[in-house]
């Protein structure tokens, strides 16, 4: 973790742990120090512990160990106070199909004891924000996936939260709707000073939105930093190589080359990070020829957050 984090933390978790049974440890000692007014992304494959972590931070489930504070409030001892400081949108869409968009927001406001005038003003403001004014009085079962996501975002903002939790906020949306949601999220930070913690499978989403990211795997944070810091650790170029033969021998020989930062194997592909560009390809191919590995295909690219993910988890994003 960054040792120079500010003291005004929106989220402060220490050794946060959740064990469902003797055999199932979903979250294993997670530490988070998230300053106010940033966008923070939790990345990880399915089953890594992202949703469980959010569920503990939002008081939905109790930790098995460790502690966590949100806006300075303990998520176990002061759960009711925490709930009044946060907003949440869930991975699964949870809208009553028989209610209109306006009614969905109104019911949520009533749960938080907002007065009728407060609810009406906030509903009008939020429907305008997510561009659902014209559909406000239609039942939500007539909404498209993108409209439902936007309505859920509006619902999460009904109580003017200090911290907004977004679990896979653009899952299943087309590119245009994803871009629109991204713009709303940026505006919440920049114009309203909100702190946002989001989980996502999409590396481009994390790169576009997040000030800081953490990669979670097997319930532990394996790396954390700004997107650019993490990408810079990968080197100048990344080679993806497929072929037949002894991968281990090839990788061992490649790793001994002075310009190679790292070489790993995952799902039949070899990923090689180098400190300088494509001019090194000839030396890598020559090394393969000196072993019993036959190169069949090579691609060269600038490193990305997806490469960082692969390096630290050894898995593709959509593993089940």
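No value in this document is a laboratory result; all are computed from the given coordinates. In this text, all values refer to a predicted model and were calculated from it rather than measured experimentally. Every residue, glycine as well, gets a Cβ built from its backbone with ideal geometry; the counts of neighbours run over all protein chains shown.
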* Point-to-point label distance, residue 192-residue 255, nm (Cα→Cβ direction, 7 Å offset) -> 4.8 nm
* Asked: With contacts defined as alpha carbon pairs under 8 Å and 6 or more residues apart, what's the relative contact order of the stretch 175-320 in percent?
  -> 26 percent
* For helix 175-192, report the angle its Cα long axis makes with the longest principal axis of the Cα atoms of the chain; keep it between 0 and 90° and round to the nearest 10°. => 70 degrees
* Structure fact -> If one compares the long axis through the Cα atoms of helix 101-111 with the longest principal axis of the Cα atoms of the chain, the angle in degrees, nearest 10, works out at 80 degrees
* **Gained length - residue 262 relative to residue 31, 0.36 nm times residue gap less alpha-carbon distance** => 80.5 nm
* **Model label zone, residue 220; criterion: amide N under 18 Å from point 7 Å along Cα-to-beta-carbon; scope the stretch 244-263** => none
* Structure fact -> Counting only DSSP beta bridges with both partners in the stretch 9-226, the antiparallel fraction in percent, to the nearest 5, comes to 55 percent
* Asked: Which residues in the stretch 23-42 have a backbone N closer than 18 Å to a point placed 7 Å from the Cα of residue 182 along the Cα-to-Cβ line?
  -> 39-42
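Over the stretch 211-286, what is the relative contact order in percent, taking alpha-carbon pairs closer than 8 angstrom and at least six residues apart?
27 percent
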* Structure fact -> Expected sort for 167-175, 9-17 on mean C-beta neighbours within 10 Å, highest first, is 9-17, 167-175
* Asked: Angle, helix 116-129 long axis vs. longest principal axis of the chain, Cα atoms, 0 to 90°, nearest 10?
  -> 30 degrees
